[in-house]
Amino acid sequence: MENPFREEQLILNDKFKLITMDNEYRMSQWVKGFGVEDINGNEILAFNGSLNLNEFEEGENVLRVRFCVYPNREPEYMVDINPFNGTFVYEFEEFPLGDLKKMFK
């Protein structure tokens, strides 16, 4: 059965999909978790339900996301995700995408 809260949006010239899913974190507290897949459905950035996607915009080869971590919701973070090379930039330093979940928990 398909999850009715899951949404897919094509990004970066239709080469990737931004996956979002609303999850009830606590009673009446909803979190919009996110992840990135390539167009064939291969995971690029693992879905994380404790990171709340507040806003995103596309740049040249990057997806800029603004998010917060539940349950605290503060501070708010901004990273530039480059799914083409599997990295993200936070505070002018580049990291592998696999480290995103470790850095923001």
Legend entry - Which label in (i) 33; (ii) 15; (iii) 18 gives the computed percent of Cα pairs over 25 Å apart: (ii)
Legend entry - Helix-only [θ]222 nm of the chain, DSSP H runs n ≥ 4, -39500 (n - 2.57) each, per residue, nearest 500: -500 deg cm²/dmol
Legend entry - Among Glu43, Glu58, Glu74, residue whose mean-square fluctuation peaks in a GNM of the chain (springs only between Cα atoms under 10 Å): Glu74
Legend entry - Stretch in the chain that is longest and holds no chymotrypsin sites (Phe, Trp or Tyr not before Pro) that DSSP places in a loop and that have at most 14 other beta carbons within 10 Å: 6-83
Legend entry - Relative contact order of region 56-105, pairs being alpha-carbon contacts under 8 Å that are 6 or more residues apart, as %: 24 percent
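Please report, as a whole percent, how much of the solvent-accessible surface of the chain comes from carbon and sulfur atoms (probe radius 1.4 Å).
45 percent
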Inset, instruction - Compute the FRET efficiency between Asn54 and Asn85 as 1/(1 + (r/R0)^6), taking r as their Cβ-Cβ distance and R0 = 25 Å, and round to the nearest 0.05. - result: 0.55
Legend entry - For the chain, accessible area per residue (1.4 Å probe, heavy atoms of protein chains only), Å²: 64 Å²
Inset, instruction - Please find, in a Gaussian network model of the chain (springs between Cα atoms separated by less than 10 Å), the residue of Ile19, Ile39, Ile81 whose mean-square fluctuation is greatest. - result: Ile39
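The values are calculated or read from the model by the stated rules, or taken from the named source; none is laboratory data. Since the structure is predicted, the reported quantities are computational estimates derived from the model, not experimental observations. Methodologically, a virtual Cβ is constructed for each residue, glycine included, from the backbone with ideal geometry; neighbour enumeration extends over all protein chains shown. Areas reflect the complete protein model, heavy atoms only, side chains present, ligands, DNA and RNA absent. Shrake-Rupley method; radii C 1.70, N 1.55, O 1.52, S 1.80 Å.
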